[in-house]
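Quick notes on the structure that follows.
The values are calculated or read from the model by the stated rules, or taken from the named source; none is laboratory data. Because the structure is predicted, anything quoted here is derived from the model rather than measured. What goes into the accessible areas is simple: the full protein's heavy atoms, side chains included, and nothing from ligands, DNA or RNA. Shrake-Rupley method; radii C 1.70, N 1.55, O 1.52, S 1.80 Å.
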Amino acid sequence: MPLSSPAALPQAERTDWQAVAAVFGAGLIAALQVGKTAIALPALRADLGLDLRAGGWLMAVFGVLGLFASVPAGALVARLGDRRLQVIGLAAMALGSALGSQVHSLSALMATRVLEGAGFLLFAVAGASVLQRLSLARDRAVVFAIWSCYMPAGMALALATGAALDGTALAGWRGYWELNALLCTAAALALRLTVRAPSAQAARAAAQRPWRQIAAEALAVAGARGPLLLALAFALYALQFYALLSFLPTLLMQRLQVDAATAGTLSGLAIGANVLGNLAAGALLRRGAKRWRLIAIASAVMGAAAAGAFALPLPALAAYALCVLFALAGGLLPASAIGGAAELERDPGRIAIAVGLLMQGSYLGQVIGPSLFGSVVQAAGWPAAAWPVALAALGAVAAAVALRSSFAAEAARA
């Protein structure tokens, strides 16, 4: 249970939809910083002479940072304030992108990616705390469903805008980095102007909390049954999602015999289906659907769809349709899990820590999934890929069923 009473926390008088839109828009821009390296990798390799291993590390920086620093980032938000950390995070991404546009070596580019990754982590961990503070309880299912769309929507946007790297308008990847620096700066200013800060009383209370107390709360959240199960479910979701979508363009080029540009467009459409799933989760939760049930359904359908796409001798278009179903059903899980973290921990400071733990699970899946998936496919072919996704789906279903009692206990205390 929170160390401070939820009843004593200031409640929003109305949902600030303008602020919700500003936070979501900033999330789209933040997600671009995650996906831009993958899109620009051919140009980066040509300009800086990178091999695939170096390119992989450039893409893995965010995941490695998140794997080790998500919970500490949540504790930092608890002490310094959610809006402040979101603005600082965007500013760090802007600075990292601007500096990155000027570098001429792998080590320098890696350093700027670390700066961007740290900024992204602060921004993302603080998001749920900001939205919880600025929304009414009856609107939170929809608010968190919208928020959970920022990553897949941003990834789809990165795929759509990556073609600009081939033209002259952005002067290659360096111009793309400069554009992203401007976008992050604009997003930071928009958040600063449209999202109200916590009350002076809440800010003073947060600033006066000893670091020892915050560390104790972080350990308490990290050891609590409900947040741990949510993090496990999210890790298994991320393992499946990022593993399949990382290799989806390659699969499409082999199965559909399409070129890279068409494979990228089709992959973007599949990711877009994930956005629809997130929004559907918000509508279902508002109608009274159980979070644990949506997590279980999403996991089961993802596992079945991915296993079918890889293991069954289906026509190419049918296999692609299963991949779209995989992404669509998977969208039910992030909105349910992120909102669930905010429900299990009502104290704003502990919400940021719980979301940090959730993100730590997500990053664990992101780091393990593609390498595991790629190793299995390399060793035994595409049909063997059905096994890791099926096992991950079963584990996520089991975690969802175990979450039933955690959400029931939280509802009884509300």
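Descriptive notes on the structure:
- Ligands, DNA and RNA aside, PHE24 has an accessible area near 50 Å² when probed at 1.4 Å.
- Rounded to the nearest 10 Å², the accessible area of TYR363 at probe 1.4 Å: 10
- Shape class of the stretch 72-119 from the alpha-carbon gyration tensor: oblate, with a/c at 1.5 or above and b/c at least as large as a/b.
- Helix-only arithmetic for the chain: the sum of -39500 (n - 2.57) across DSSP H runs with n ≥ 4, divided by the residue total, places the mean residue ellipticity at 222 nm at -28500 deg cm²/dmol.
- Cα gyration tensor shape for the chain, rounded if a/c is under 1.5, else prolate or oblate: oblate
- Anisotropy class of the stretch 1-137 from Cα gyration tensor, a/c 1.5 cut: prolate
- Ordered by 1.4 Å accessible area with all protein chains kept, TRP382, TRP57 run largest first as TRP57, TRP382.
- Accessible surface of the chain, 1.4 Å probe, proportion on carbon and sulfur as whole %: 68
- Computed accessible area, ARG196, all protein chains, 1.4 angstrom probe, square angstrom: 110
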